[in-house]
Amino acid sequence: MVRRRKLADQNKMSNQKTRYADHVTEWEDLTTSMAAHAAELPQLEIQRAALEKMLEKARSLTTQQADFQAQKQEVSKELQTTVREGIKLATVLRVSLKQHYGSQSEKLAAFGLQPFRGRKAKPAETPAPQPAPPPAPQTSPTGSPRPASSPLFVSFQGFNGSLETLNGPLKLCEAPLQVFKAASKTLKAPFEVFNATFKVFKGPFKTLKVALEVFGAPFKTWNVTSRALNAPLKIFGAPFQGCEAALETFNAPFETLRAALETFEGPLEA
């Protein structure tokens, strides 16, 4: 509260500007006006020249500040990208260390990892209380025995026997469940390695897919063009085959003539 009052008093006492650009603009106007009236103000020429130097220095520092601000933004963006990639690689390394040494190895503590030490032992199970023995039959004054228990007590005894019957199958299922749980924990590390590796190589695969789509269009165009030229080539194929057959027909007489010339060549040379 005191600081706010002090700032309010300062704002009332002076109209000091908070932006450097406002000061620079005022200095430019002031030095320009004084230069235009330099003949009338020779005694202030030294101060005006000093203000012009301050003005040039302020302009240079403002430019440097803008450059530093842009460079700071670029560095911050690059730092964020580096941190994201570093988190991914660190995750891959941690999972790989667990797979190499085992999730229960104490060597993981050297790398800042918590080894898996198993679940805490369950407290010993207290035996279920045994039902109280049925009371002895009482006799009536006439000497005839009374019923030993009520129908509600008999129903409770039947329910207790059913629970004891189900207790055996439940204990048999407990061991397979523990084996399944241990197997799932063992396979957790390889799945984490695969997931982290897939995330790392996801970007290059996307780039390869885009490249294949870009280069696929020219091949599709060439396929369509070759199919279009296939029909004309088939049309001109028959005449070419006819010319080849005609040449083969005339080849036999020429061979005969060549053999006759070779026959007469010997006597002529003699």
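Every number here is computed from the coordinates shown, using simple stated rules; none is lab data. Quick caveat, the model's predicted, so the values are computed rather than measured. Cβ coordinates were reconstructed from backbone atoms using ideal geometry, including for glycine residues, and neighbour counts include every protein chain displayed.
When each of the peptides 28-37, 90-99 is scored by the mean number of other C-beta atoms lying within 10 Å of its residues, the order from highest to lowest reads 90-99, 28-37.
Site pair R258 and S96 shows an inter-label distance of 7.2 nm when each label is modelled 7 Å from Cα along Cα→Cβ. Below 14 Å, Cα to Cα, which aspartates and glutamates can K77 reach? Residues fewer than 8 away in the same chain don't count. Output for K77: E85. Cross-link check: pairs K98/K185; K72/K206; K88/K188 evaluated at a Cα-Cα cut-off of 21 Å; pairs beyond the cut-off: K72/K206.
Of all aspartates and glutamates in the structure, the ones whose alpha carbon falls short of 18 Å from that of K171, not counting any fewer than 8 places away in one chain, are E125.
Computing FRET efficiency as 1/(1 + (r/R0)^6) for Y20 and T197, where r is the C-beta to C-beta distance and R0 is 41 Å, gives about 0.20.
At a Förster distance of 51 Å, what's the computed FRET efficiency of M54 paired with K88, Cβ-Cβ distance as r, to 0.05? Using R0 = 51 Å, I get an efficiency of 0.50.
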